[in-house]
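Throughout, read-outs are computed from the coordinates displayed, never taken from laboratory work. The shown structure was predicted, so the numbers you read here are calculated from the model rather than taken from an experiment. As a convention, Cβ positions derive from the backbone with ideal geometry for all residues, glycine included, and neighbour counts pool all protein chains shown.
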Amino acid sequence: MIYAFDCDGTLEWGVPKGPVTESNIRCLRYLGHVVAIISDSGNCRQAMARLKDLVLYVPTPQPLRWMALIELKRKLKLECVYVSDNPGDDVQSRMAGCSYIHPNNWRPLACR
């Protein structure tokens, strides 16, 4: 499974901060999922230095995110979930054939 995240309002280092933490991302990777950051936010670029070995960073402006999701699915041949708080990203997620979760509904997976 691919878990793709927007940055601002979704990830803990975004502006505004979101509910998805670095430990959530590390847990997803530990469980064998692919994690991608699909955002053009400068806040994400700074965090990528710490997470570069754990995530795919796809710098993509908001109106084109569905195309980035389609390309990830095509390359990796996996289902995907997109987590973002931008208006319209739920529609873009569906256009790409991905599930969508608003950050307010994010529930981290249990990691041991």
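Would you point out which residue out of 66, 13 is assigned to a loop (DSSP other than H, G, I, E, B) and out of contact with any Phe, Trp or Tyr (no Cβ under 7 Å at 6 or more places or on another chain)?
Values: 66 fails: assigned to a loop (DSSP other than H, G, I, E, B).
Every option except 13 fails the conditions.
Restricting attention to region 22-44, which residues are among the aliphatic types (A, V, I, L, M) and either within 10 Å of residue 2 (Cα to Cα) or not in a strand (DSSP E or B) (or both)?
25, 28, 31, 34, 35, 36
Filter region 82-91 down to residues that are without any contact (Cβ under 8 Å) to a residue 40 or more places away in the chain and either part of a loop (DSSP other than H, G, I, E, B) or within 19 Å of residue 56 (Cα to Cα) (or both), then give me how many there are.
The qualifying residues number 2.
If I go through region 96-112 residue by residue, how many of them are part of a helix (DSSP H, G or I) and loosely packed, with under 13 Cβ neighbours inside 10 Å?
Going through region 96-112 one residue at a time, the tally reaches 2.
Count, please, the residues in region 40-84 that happen to be crowded, with 17+ Cβ neighbours inside 10 Å and touching a Pro at 6+ places or on another chain (Cβ under 7 Å).
1
All but one of (1) out of contact with any strand residue (DSSP E or B) (no Cβ under 8 Å at 6 or more places or on another chain); (2) within 22 Å of residue 94 (Cβ to Cβ) hold for residue 10; state the number of the condition that does not hold.
Failed condition: (1).
Being within 13 Å of residue 1 (Cα to Cα), outside any helix (DSSP H, G or I), in contact with a strand residue (DSSP E or B) (Cβ under 6 Å, 6 or more places away or on another chain) and among the hydroxyl-bearing types (Ser, Thr, Tyr): is that true of residue 57 here? It would help to see each step written out before you state the result.
Working: within 13 Å of residue 1 (Cα to Cα): no; outside any helix (DSSP H, G or I): yes; in contact with a strand residue (DSSP E or B) (Cβ under 6 Å, 6 or more places away or on another chain): yes; among the hydroxyl-bearing types (Ser, Thr, Tyr): yes.
No.
Go through region 9-33 and count every residue that is crowded, with 17+ Cβ neighbours inside 10 Å and in contact (Cβ under 8 Å) with a residue 40 or more places away in the chain.
Number satisfying all stated conditions: 8.
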